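Working notes for the structure below.
The values are calculated or read from the model by the stated rules, or taken from the named source; none is laboratory data. Predicted, not measured: the structure shown is a model, and the values here were computed from it. Every residue, glycine among them, receives a Cβ derived from its backbone with ideal geometry; neighbour counts consider all protein chains shown.
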Amino acid sequence: MSYVAMLSGVIAYPREQPESPDEPSGLGDAISGVIESLQELSYLNSPIQDSNEFNVVTTQMGEEGDWVDILKIPTETHRNLGRNTDLLLEPATSGCVIATANEPSWHGAVDYADGRSIEVDLREWMGEGHAEEEPEESNYPTHDDWFDDQVDWQADVEAEFRAEKEAEDPFDSLAELFITAETLTVPN
């Protein structure tokens, strides 16, 4: 993935199971290690970031009802984290990070916790009927008018790609667990 990318993601991490039937307190070791690494690399609590809101919930999932910590990366944040998705995914049990970038090429990607990865040329993806047709410069009175619409069009295509991938599993099912979870912890 590119150094600079628009990201979104939902990732589940294993955690220690409580000895009592009560909900565990605090965060598990796996996600605590991820958060510590993010802080060391200045992805959290950094003045250069537009947003440092990584949201975490603790909830139960699966047939056994095991407790997990679910990390949600808000859409379109942490642009420079695109080159370090392995940092987020190595200790995870499920989930994915969705990214779009326009350097060095215009592409979208999904990296999964199970090691799978897909990368898509967004111009080809768009040509398969996924988005409106690209603005043609010859239809505009000035280059600047065309360029403004071109930038907006690219942003719309990237948003449509992320939305399509966010509607698929594992993103969709983990996002649903995230929304319905009762315990919300925002690391600081």
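Couple of notes before you dig in:
- Members of the range 126-150 found to be at pLDDT below 90 and either in a helix (DSSP H, G or I) or farther than 30 Å from Asn84 by Cα (or both), listed by number: Met126, Gly127, Glu128, Gly129, His130, Glu132, Glu133, Glu134
- Per this entry, Leu27 is counted among residues that are surrounded by 15 or more Cβ atoms within 10 Å (Cβ to Cβ) and either hydrophobic (A, V, I, L, M, F, W, C) or at pLDDT 70 or above (or both).
- Of all residues in the range 120-171, those that are free of Cβ contacts under 8 Å to residues at least 24 places away in the same chain, at negative phi and either over 17 Å from the mean Cα position of the chain (by Cα) or surrounded by fewer than 13 Cβ atoms within 10 Å (Cβ to Cβ) (or both) total 30.
- Checked against (1) modelled with pLDDT of 85 or more; (2) farther than 19 Å from Tyr112 by Cβ; (3) surrounded by fewer than 14 Cβ atoms within 10 Å (Cβ to Cβ); (4) not β-branched (Val, Ile, Thr), Gly33 meets all criteria but (3).
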